[in-house]
Amino acid sequence: MFDGDMAPRARVRAPELIGGGGWLNTGGNDLTLADLRGRIVILDFWTFCCVNCLHVLDELRELEEKHRDTVVIIGVHSPKFVHEAEHQAVVDAVERYGVHHPVLDDPELATWKQYAVRAWPTLVVIDPEGYVVAQHAGEGHAHAIEALVAELEAEHEAKGTLRRGDGPYVPPEPVPTELRFPGKALPLPGGTFLVSDTTRHQLVELAADGETVVRRIGDGTRGLADGAPERARFSEPQGLAALPDGTVAVADTVNHALRRFDPATGETTTLAGTGRQWWQGSPDGGPAREVDLSSPWDLAWFAGRLWIAMAGVHQLWTYDPEAGTVGAAAGTTNEGLVDGPAGEAWFAQPSGLAAAGDRLWVADSETSALRWVERDGDGFAVRTAVGTGLFDFGHRDGPAAQALLQHPLGVTALPDGSVAIADTYNHALRRYDPATDEVSTLATDLREPSGAVLADRDIVVVESARHRLTRLRLPEEAVRVEAMAHRTQRAATEIAPGTLRLDVVFQAPTGQKLDTRYGPSTRLLVSATPPGLLAGGDGAGTDLGRDLVLADGVTEGVLHVSAMAASCDDDPANEYPACHVHQQDWGVPVRIAEGGAVRLPLVLAGMDEPA
């Protein structure tokens with residue numbers, strides 16, 4: 001296939017779509033690539049724990065609507081956590097996040113392996129004749145894919161190989177419940193509860209019984225609009241926090257904004273954010289209404305500021321209501337678990353916050369960790385209570401150093417100084433006691449708990465996947481459960497001992513070129529778990545390739561690779577070309593073995609050929 005003066009794309013036949021979990025959103029029908037011949041197919045390899053995957057779902061919505069008669073998007077759900085391999089959990093996630101295209105449940109990663117996918121998310125484009133023509137890892141590729149779709153439409157229309165018409169999507173039957181996948185809750189002074197009704201894009205005030213609806217805030221349509229309850233609009237709201245003036249701050253997650261709800265008047269206004277997603281190179285602070293945010297997930301008032309769990313960029317930010325400003329407060333945007341001074345720490349999708357005295361507790365979901373922020377001299381520092389990294393998780397009580405969680409989304413400070421943890425993917429409520437440094441289990445058989453609040457001597461849990469609030473009496477002793485430990489099920493890449501060549505392959509998308517006006521336009525950061533895996537080659541640099549020296553005596557671990565490249569539209573006539581930042585983080589499990597690979601290629605953004 002040709003594009004003007006471009007060289008022909010590689011002609012690689014797309015492998016068949018296979019997965020033991022079956023198909024969703026197809027009316028019970030299985031799909032094959034033969035069924036889709038004549039359409040442009042975009043495979044979206046995703047997993048519902050991954051905030052970058054959720055960003056891609058939102059990026060694809062406009063393209064899906066604009067090209068619905070020529071493009072078929074197929075979600076291939078490829079799990080990281082054990083819970084994500086459960087079919088019902090995938091069914092729930094498809095509804096929770098408004099996925100309006102067919103989804104293949106691939107719990108054993110069969111199709112993932114067929115397409116040699118290495119990272120969440122990954123997009124693969126298949127032309128109307130059934131050939132793979134592009135593969136993009138990470139988010140932020142809607143612009144490049146839109147251009148490629150237009151090109152494929154024109155080419156295959158001319159060849160007579162484009163088939164227009166309705167796609168195979170069949171929406172599921174709606175289920176009537178008062179709440180639908182609620183996210184967080186907040187007690188109001190009158191004894192009622194304010195709940196973020198995430199999938200219905202509303203806030204709901206419930207009576208003290210936690211069941212009776214008092215009022216709804218928002219018209220239920222996805223959008224960003226201020227005003228009275230019947231006019232306001234949200235997009236998948238999550239976290240709620242009381243502000244000192246008696247109003248409530250709302251983490252309007254998919255709008256990338258902070259909103260303010262006034263319980264007295266019912267009015268909603270916007271505190272921070274532009275409605276656009278923050279990207280590398282965007283300002284990381286400034287006037288609140290002028291700075292982009294990225295998937296704010298939870299909020300807490302601590303140390304005279306509103307702290308924001310900025311899940312989309314693996315950071316904590318703060319909002320200063322007096323100055324009207326926002327800014328990054330902790331985290332580097334690198335994904336992982338690193339303690340230390342706030343500006344040097346690493347987080348991985350922080351999703352729950354709770355202030356208690358001199359500590360701000362953090363549920364760091366992708367590292368399955370409980371962490372905290374505390375004052376350190378004139379600044380702040382980050383510490384870890386439970387958790388070891390991105391790939392170890394499970395359900396195990398006992399000393400904190402050995403305890404395991406599985407993708408927790410919420411934390412609640414308890415009166416005795418301990419912390420309740422909404423251990424979401426374990427369907428459990430856990431407790432960490434700093435006095436004993438022990439973890440115990442308070443309750444099980446919850447369904448994806450995402451937060452909890454105190455009510456008298458009870459704790460009220462947001463059971464997100466049961467669409468309700470559940471009131472529990474805090475027991476005197478923890479419930480004992482059988483200990484389990486897991487690791488991410490991705491097969492490790494076998495690499496040879498000695499020196500490994502790491503190459504991050506980047507080609508600017510069609511019509512763009514690398515932006516070198518102000519120096520190097522690429523960046524590469526490499527680290528490892530355990531750190532002793534690498535004897536050399538770790539750290540930051542501007543070249544997208546380097547030699548990694550593997551240490552003697554270490555047989556397995558995880559390579560953490562973060563790459564970034566900046567490209568601009570290649571149009572000499574345009575004095576102010578649009579520029580784009582391409583970024584991707586990989587966590588690659590590796591095993592050292594004789595005869596293993598001596599080169600590790602990773603594809604970053606913008607490739608017009610399959611990797």
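The values are calculated or read from the model by the stated rules, or taken from the named source; none is laboratory data. Worth saying up front: this structure is predicted, and the values here are computed from it rather than measured. Positions of Cβ are generated from backbone atoms using ideal geometry, with glycine treated the same way; all protein chains shown enter the neighbour counts.
Does T221 fit the bill of being among the polar types (S, T, N, Q) and surrounded by fewer than 19 Cβ atoms within 10 Å (Cβ to Cβ)?
Yes: the conditions hold for T221.
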Answer residue from segment 265-285, given it is modelled with pLDDT of 95 or more and among the small types (G, A, S) and is surrounded by the fewest Cβ atoms within 10 Å (Cβ to Cβ) among those: G285
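For segment 372-389, enumerate the residues that are out of contact with any helix residue (DSSP H, G or I) (no Cβ under 9 Å at 6 or more places or on another chain) and crowded, with 24+ Cβ neighbours inside 10 Å.
Within segment 372-389, V386 is the sole residue that qualifies.
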What strands (runs of 3 or more DSSP E), lying completely within segment 1-107, carry at least 1 residues that are among the β-branched types (V, I, T), touching a helix residue (DSSP H, G or I) at 6+ places or on another chain (Cβ under 8 Å) and within 20 Å of Q135 (Cα to Cα)? 40-46, 71-77, 103-105
Mind counting the residues in segment 219-252 that are touching a helix residue (DSSP H, G or I) at 6+ places or on another chain (Cβ under 8 Å) and either without any contact (Cβ under 8 Å) to a residue 24 or more places away in the chain or assigned to a loop (DSSP other than H, G, I, E, B) (or both)? 2
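Is it true that G394 is small (G, A, S), more than 23 Å from L186 (Cβ to Cβ) and out of contact with any Ser or Thr (no Cβ under 9 Å at 6 or more places or on another chain)? Write out each step before concluding.
Values: small (G, A, S): yes; more than 23 Å from L186 (Cβ to Cβ): yes; out of contact with any Ser or Thr (no Cβ under 9 Å at 6 or more places or on another chain): no.
No, not satisfied.
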Just one listed residue, out of R473, R447, R466, is farther than 30 Å from E556 by Cα, of a type outside the set (S, T, Y) and at pLDDT below 95, and it is R473
Flagged in segment 418-444 as part of a loop (DSSP other than H, G, I, E, B) and either touching a strand residue (DSSP E or B) at 6+ places or on another chain (Cβ under 8 Å) or basic (K, R) (or both), in numbering order, are S418, H427, P434, D437, T444
What's the total number of residues in segment 149-177 that are crowded, with 17+ Cβ neighbours inside 10 Å and assigned to a loop (DSSP other than H, G, I, E, B)? 4
Scope segment 508-550; condition of a type in the set (V, I, T) and either part of a strand (DSSP E or B) or touching a Gly at 6+ places or on another chain (Cβ under 9 Å) (or both); matching residues: T510, T522, V526, T529, T542, V549
Being within 25 Å of the chain's Cα centre (by Cα), part of a strand (DSSP E or B) and in contact (Cβ under 8 Å) with a residue 12 or more places away in the chain is true for just one of R383, R375, R471. Which residue is that? R383
Do we find that A328 is surrounded by 22 or more Cβ atoms within 10 Å (Cβ to Cβ) and in a strand (DSSP E or B) in this structure? no
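Test E146 against the stated conditions and say whether it is surrounded by 13 or more Cβ atoms within 10 Å (Cβ to Cβ) and farther than 30 Å from D456 by Cα. Don't jump to the end; show me each part of the working.
On the way: surrounded by 13 or more Cβ atoms within 10 Å (Cβ to Cβ): yes; farther than 30 Å from D456 by Cα: yes.
Here the answer is yes, as E146 does meet what is asked.
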Is there any pair linking a residue in segment 309-334 that is assigned by TED's automatic domain parsing to the domain that holds L360 to one that is assigned to a loop (DSSP other than H, G, I, E, B) and among the charged types (D, E, K, R), with Cβ under 7 Å and at least six apart or on different chains, and which? G327/D284; A328/D284
Filtered residues of segment 389-417 (kept if on the phi < 0 side of the Ramachandran plot, modelled with pLDDT of 95 or more and assigned to a loop (DSSP other than H, G, I, E, B)): D397, A400, A401, Q402, A403, L405, Q406, P408, L409
Just a yes or no: is a residue in segment 498-507 without any contact (Cβ under 8 Å) to a residue 12 or more places away in the chain, assigned to a loop (DSSP other than H, G, I, E, B) and either outside the structural domain of D569 (by TED's automatic domain parsing) or polar (S, T, N, Q) (or both)? no
Lone unmet requirement of (1) in contact (Cβ under 8 Å) with a residue 24 or more places away in the chain; (2) under 24 Å from A185 (Cα atoms) for G304: (1)
